[in-house]
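Presented below is the structure to which this report refers.
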């Protein structure tokens with residue numbers, strides 16, 4: 001027993017040590033505490049090419065509940081989806097490509113890697129990252145130039161004073177000579193108190209929902225809600241795009257996620273209309289994925305915001 005205990009202790013200590021090696025920061029208000037990994041090319045927790053490196057929340061606690069966390073076991077910082085929290089991914093438009101290289105917002109200049117599907121691309125120019133921080137806010141800035149394309153990108157996370165609320169503000173300035181056209185979605189890797197994905201959860205929307213794929217017996221649409229019929233086993237998942245929203249109605253860009261067992265929930269709303277809605281659910285996380293379209297002309301800038309409100313039932 002002593003040997004076995006020692007092995008377990010060694011594994012736990014190694015895991016804690018690995019986490020401590022990654023640059024991180026904490027912001028808090030009177031109700032919410034959020035812990036983030038910071039963008040860093042050499043020692044960052046996430047160094048892949050799919051997701052924006054900024055705003056990677058690995059823990060957000062409110063009223064005794066945890067809302068984010070690791071949903072898979074991996075120590076590979078270059079794995080394309082080894083990431084946590086309400087992170088975003090930007091598509092690559094034709095204007096952002098130059099030969100075999102391309103510019104991905106929040107990542108840098110990338111090219112195709114000679115490796116497996118888990119590492120399809122690599123970063124060849126990280127650009128310049130800067131981080132500013134206050135008690136209840138943190139701001140990450142990214143500047144990249146690639147041929148005719150370039151940008152100054154700012155993401156600011158604020159825990160609203162006195163409220164159980166997180167606001168993510170975005171600013172994108174096109175510093176190149178061609179338009180930036182992209183579609184961005186937030187993956188929303190919710191991990192609520194480590195609860196498995198199943199019938200205790202319900203996802204609500206402000207419109208009548210229609211699934212565009214078979215839900216595999218794991219879920220069903222009931223009016224404005226997506227309900228879970230049974231627990232999704234490890235190794236399996238449910239995925240579908242959904243319709244029912246109006247693409248010119250900003251009130252339709254939002255959702256709620258509630259767990260009836262732990263009696264906790266979160267609402268998300270933004271200031272841009274939906275372009276596409278998808279939801280992906282494996283055993284360990286629930287991910288409503290709302291998409292928006294962006295087009296920023298040379299010399300111009302755009303702004304948008306996402307608001308999360310945390311509550312108990």
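Residues in segment 186-218 that are outside any loop (DSSP other than H, G, I, E, B) and either within 20 Å of the chain's Cα centre (by Cα) or at positive phi (or both): 7 in all. Applying the set (1) assigned to a strand (DSSP E or B); (2) farther than 23 Å from residue 41 by Cβ; (3) more than 20 Å from the chain's Cα centre (by Cα) to residue 177 leaves exactly one unmet item: (1). Checking each residue in segment 160-174 for being in a strand (DSSP E or B) and more than 14 Å from the chain's Cα centre (by Cα) picks out 165, 171, 172, 173, 174. Of all residues in segment 134-148, those satisfying the criterion of being modelled with pLDDT of 95 or more and in contact with a strand residue (DSSP E or B) (Cβ under 6 Å, 6 or more places away or on another chain) are 136, 137, 138, 139, 140, 141, 142, 143, 144. Considering the conditions (1) over 17 Å from the mean Cα position of the chain (by Cα); (2) under 24 Å from residue 307 (Cα atoms), residue 281 is excluded by exactly one of them, (1). Candidates in segment 290-313 are the residues that are assigned to a loop (DSSP other than H, G, I, E, B) and touching a residue at least 60 places away in the same chain (Cβ under 8 Å); of these, the one that is surrounded by the most Cβ atoms within 10 Å (Cβ to Cβ) is 298. Here residue 123 clears all of (1) touching a residue at least 40 places away in the same chain (Cβ under 8 Å); (2) in a strand (DSSP E or B); (3) within 18 Å of the chain's Cα centre (by Cα) except the condition numbered (3).
The values are calculated or read from the model by the stated rules, or taken from the named source; none is laboratory data. Remember, it's a predicted structure, so these values are computed and weren't measured experimentally. Methodologically, a virtual Cβ is constructed for each residue, glycine included, from the backbone with ideal geometry; neighbour enumeration extends over all protein chains shown.
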